[in-house]
Amino acid sequence: MSGVKLENTFVIRTDDENFKEEIALFLSNHCTKNKVNAAIYDLNEVGAQKVMQIVFEK
C-alpha cells in the first residue's frame, strides 16, 4: 500500500460500544472548541487489516 501516508493518526481497536460513544463525544467537543477536524471509522475485519498494514509499513 505504498503512497498512503497516515500523519497524526491514532488507531484504536475495541468492541466496547460505550467507549466508541464516549470517544466520539470527546472528539466532537474537542474539535468544536479547537477548530480542528477528526474522523472516526468503524471498520470491518478486512478494512481493519488494511489499516494495520499501512500503520506498520516502514
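The values are calculated or read from the model by the stated rules, or taken from the named source; none is laboratory data. Worth saying up front: this structure is predicted, and the values here are computed from it rather than measured. Positions of Cβ are generated from backbone atoms using ideal geometry, with glycine treated the same way; all protein chains shown enter the neighbour counts. With ligands, DNA and RNA removed, areas are computed over all heavy atoms of the protein, side chains included. Shrake-Rupley method; radii C 1.70, N 1.55, O 1.52, S 1.80 Å.
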Query - Extended-chain gain in nm, criterion 0.36 nm per residue less alpha-carbon gap, residue 30 and residue 56 - result: 6.6 nm
**Report entry** Between helix 45-56 and the chain: long-axis angle, C-alpha atoms, 0 to 90°, nearest 10
**Finding:** 80
Query - Residue (of 40, 8, 24) at the positive-pole extreme of the chain, dipole from beta-carbon charges - result: 8
Query raised in the report: To the nearest 10 degrees, how steeply does helix 17-34 sit against the main Cα axis of the chain, on a 0 to 90 scale?
Result: 70
Report summary line: Heavy-atom accessible area per residue of the chain, all protein chains kept, 1.4 Å probe, expressed in Å², is 96
Report summary line: Expressed to two decimals, the chain has a Cα Rg over Rh, using the Kirkwood radius, of 1.01
